[in-house]
Amino acid sequence: MRGWVLILFNVVVQSSFGQSIEIAFRLTEKDLIPEGITFDPSTQSFYVSSINKRKIVKIDEKGKVSDFISSQQDDIGEVLGLKVANGKLWACSNLSTDSTSRAMIHQFDLTNGKLIHKWILEVKGENHLFNDLAISAAGEAFISDSDYNAIYQVSQDAEKPELCIKDTRPERHQWNRYDERSGCCSKCFFRFL
């Protein structure tokens, strides 16, 4: 059945856009649980984040897969969003315990994988989850915090992430939660906007 779905999808895409689909690469690590992906046009390399393995995988222009950031290197947590900008790889990562959560932004040098900077947000009693990020032309990162309904900002001279904007509206459906009152989950969130 899965093969038929892929063939059907391929036919629809080809007929819709007049282009064929080509597989860029394959990841064979079964328990990787990939989340984020970004591309470095200068080296023609892809980078894929892993929630489960707490690492970042690099796929070079020839399709060779290797660990760019090894598991738990530089205290990296569950890795989600990734971006390449100005010779640097930016990564959102998170670690949680029963009482608190640590949301982090790691900035790595693309040439050697060395950590350039790490920003940490950890507030006792608050839940934070850095999910994705965008990099401005000035080199600042804007980070979505899914658990705190906020956007944070970091710059090279900042010591820690700074709150940029927080959604203070009364409780609404959360992006990643099941709502027992309505019987809905994040998949039907947009119906309530």
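The values are calculated or read from the model by the stated rules, or taken from the named source; none is laboratory data. Just so you know, these numbers come straight off a predicted model, no measurement behind them. Glycine gets a Cβ as well: all are built from the backbone with ideal geometry, and neighbour counts include every protein chain shown.
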inquiry  = If I filter region 122-163 down to residues being among the charged types (D, E, K, R) and part of a loop (DSSP other than H, G, I, E, B), which single residue comes out as surrounded by the fewest Cβ atoms within 10 Å (Cβ to Cβ)?
reply    = Asp157
note = Expected single match for among the basic types (Lys, Arg), under 19 Å from Asn94 (Cα atoms), surrounded by 12 or more Cβ atoms within 10 Å (Cβ to Cβ) and at pLDDT below 95 among Arg172, Arg177 is Arg177
request  = Scan region 104-121 residue by residue and report those that are exposed (fewer than 14 other Cβ atoms within 10 Å of the Cβ) and either free of Cβ contacts under 8 Å to residues at least 12 places away in the same chain or in contact with a Leu (Cβ under 9 Å, 6 or more places away or on another chain) (or both).
outcome  = Asp109, Asn112, Lys114
note = Reported set for region 15-35 where residues are touching a Phe, Trp or Tyr at 6+ places or on another chain (Cβ under 8 Å) and at pLDDT 95 or above is none
